[in-house]
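Student: Structure provided below as structure tokens; questions to follow.
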Amino acid sequence: MSHVFHRVLNRKLPRAVRAKGVWIEDADGRRYLDGAGGAIVVGVGHGDRSLVDAMAEQSARTSYVHGSAFTTDALESYADAVASLLPMDDPRIYPVSGGSEAVETAIKLARAFHLARGEASRTLVIGRRSSYHGNTLAALDAGGREALRRPYEPWLGRFQHVEAAYEFRCANPGHPAGCGAWHADRLDRAIVEAGPSTVAAFIAEPVAGATLAAAVPTDGYWPAVAEVCRRHGVLLIADEVMTGFGRTGRWFGVDYWGVRPDVLTSGKGSTSGYFPFGLTACSGEVFEAVREHGFVHGFTWSHNGVGAAVAHAALRRLQDGDWSRRAPARGSGC
């Protein structure tokens, strides 16, 4: 009998004993092709010694120091390296343990930004239907994946949702003409109806992931919704947990449309699953506003040096292999 509360309760799970490259082997010697990298996590393959060595080396130096008392060389050097790739001006990163924490941090950061600017009425976050942003309560509320929301509905309902950019079943009556402008108009209406002075942020995945299976919006979508957010003073949060770090063929999904979000979240591929790690990045403008008034937030494992060291090693592997440039070529042949 196992004393583990497994994530899957209706079947017995095989016991993984080793993994290398794209293969996972169980205790009975069966091999499984890990074609999806788990939950779209493992980007550089299993068993990469450079990532394992980075983890061991940093653990031997400082396995844990509290982020409110110390920083580390590992964290500072990783932040410098990733900053040059982020689609925002003078970015600052807030490292956490994964994507859900990154989204939670982004939502709180949007609130802190508006408080710092004297706009305490801005509390509303607008997400999209059929979206997924994680499993904390705030992330569930911003998301629109009904099956995950349903058990916790009594605790949700603070945030609103607009239509997803889903070309296969587009809600635009004039589809396929003007879909980006139509979605932007719907977002504009939602903001106006709620009251622009009440809306803190709009959050969306550049390419819809878990719920809509890699649904790519029309080219006009992201520039149009970004303009709506700018016009109303609403922060634009790009959830890049699935699309970040080269998965779309650019470092970040929004790079395809030249959009520069105010806040960006990442996880999963940031360490290729070798260590729990994610990050929330914000523009210098957001950081400077919040710095003056402080950010009431934090996790025990945020700003962890071991996670940063592994993330830096994963970033080097992606850069050395030029993997982001290889992704479109491989994808076009599928």
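The values are calculated or read from the model by the stated rules, or taken from the named source; none is laboratory data. Only a predicted model underlies this, so the values are computations on that prediction, with no experimental measurement involved. As a convention, Cβ positions derive from the backbone with ideal geometry for all residues, glycine included, and neighbour counts pool all protein chains shown.
Student: Taking the residues in the range 191-227 that are of a type in the set (D, E, K, R) and surrounded by fewer than 16 Cβ atoms within 10 Å (Cβ to Cβ) as candidates, determine which candidate is nearest to residue 109 (Cα to Cα).
Tutor: The initial filter retains those residues of the range 191-227 that are of a type in the set (D, E, K, R), namely 193, 205, 219, 227.
So of that shortlist, the ones also surrounded by fewer than 16 Cβ atoms within 10 Å (Cβ to Cβ) come out as 193, 219, 227.
Working: 193: 24, 219: 28, 227: 21 Å.
Among residues in the range 191-227 that are of a type in the set (D, E, K, R) and surrounded by fewer than 16 Cβ atoms within 10 Å (Cβ to Cβ), the one nearest to residue 109 (Cα to Cα) is 227.
Student: Name the one entry in 168, 202, 159 that is in contact (Cβ under 8 Å) with a residue 12 or more places away in the chain, closer than 21 Å to residue 99 by Cα and more than 18 Å from the chain's Cα centre (by Cα). Break it down into steps so the answer makes sense when it comes.
Tutor: Working: 168 fails: closer than 21 Å to residue 99 by Cα; 202 fails: more than 18 Å from the chain's Cα centre (by Cα).
Every option except 159 fails the conditions.
Student: Would you confirm whether or not the range 197-213 contains a residue that is out of contact with any Phe, Trp or Tyr (no Cβ under 8 Å at 6 or more places or on another chain), assigned to a helix (DSSP H, G or I) and over 24 Å from residue 265 (Cβ atoms)?
Tutor: Scanning the range 197-213, I find at least one residue that is out of contact with any Phe, Trp or Tyr (no Cβ under 8 Å at 6 or more places or on another chain), assigned to a helix (DSSP H, G or I) and over 24 Å from residue 265 (Cβ atoms), so the answer is yes.
Student: Which of the residues that make up the range 140-178 are over 21 Å from residue 239 (Cα atoms), hydrophobic (A, V, I, L, M, F, W, C) and either assigned to a helix (DSSP H, G or I) or outside the structural domain of residue 204 (by TED's automatic domain parsing) (or both)?
Tutor: Selection gives 155, 168.
Student: Of everything in the range 260-293, what is in contact (Cβ under 8 Å) with a residue 40 or more places away in the chain and of a type in the set (D, E, K, R)? Give them in sequence order.
Tutor: Passing the criteria: 260, 262, 268, 285, 292.
Student: Additional query: If I ask for residues that are in contact with a Leu (Cβ under 6 Å, 6 or more places away or on another chain) and assigned to a loop (DSSP other than H, G, I, E, B), which ones from the range 257-298 would you list?
Tutor: Once the filter is applied, which keeps residues that are in contact with a Leu (Cβ under 6 Å, 6 or more places away or on another chain) and assigned to a loop (DSSP other than H, G, I, E, B), the range 257-298 yields 261, 262, 274.
Student: Checking residue 2 against (1) within 28 Å of residue 266 (Cβ to Cβ); (2) modelled with pLDDT under 95: exactly one of these is not met. Which one?
Tutor: (1)
Student: Determine which member of the set 262, 188, 239 is acidic (Asp, Glu) and surrounded by fewer than 21 Cβ atoms within 10 Å (Cβ to Cβ). Full working, then the answer.
Tutor: Working: 262 fails: surrounded by fewer than 21 Cβ atoms within 10 Å (Cβ to Cβ); 239 fails: surrounded by fewer than 21 Cβ atoms within 10 Å (Cβ to Cβ).
Criteria check complete, one pass: 188.
Student: If you take the residues in the range 126-148 that are among the hydrophobic types (A, V, I, L, M, F, W, C) and within 22 Å of residue 194 (Cα to Cα), which one is surrounded by the most Cβ atoms within 10 Å (Cβ to Cβ)? Show your work before the answer.
Tutor: Just the residues of the range 126-148 that are among the hydrophobic types (A, V, I, L, M, F, W, C), to begin with: 126, 137-140, 142, 147-148.
The next check asks that each one be within 22 Å of residue 194 (Cα to Cα); those that pass are 126, 137-140, 142.
Values: 126: 21, 137: 14, 138: 20, 139: 25, 140: 23, 142: 31.
Only one residue fits best here, namely 142.
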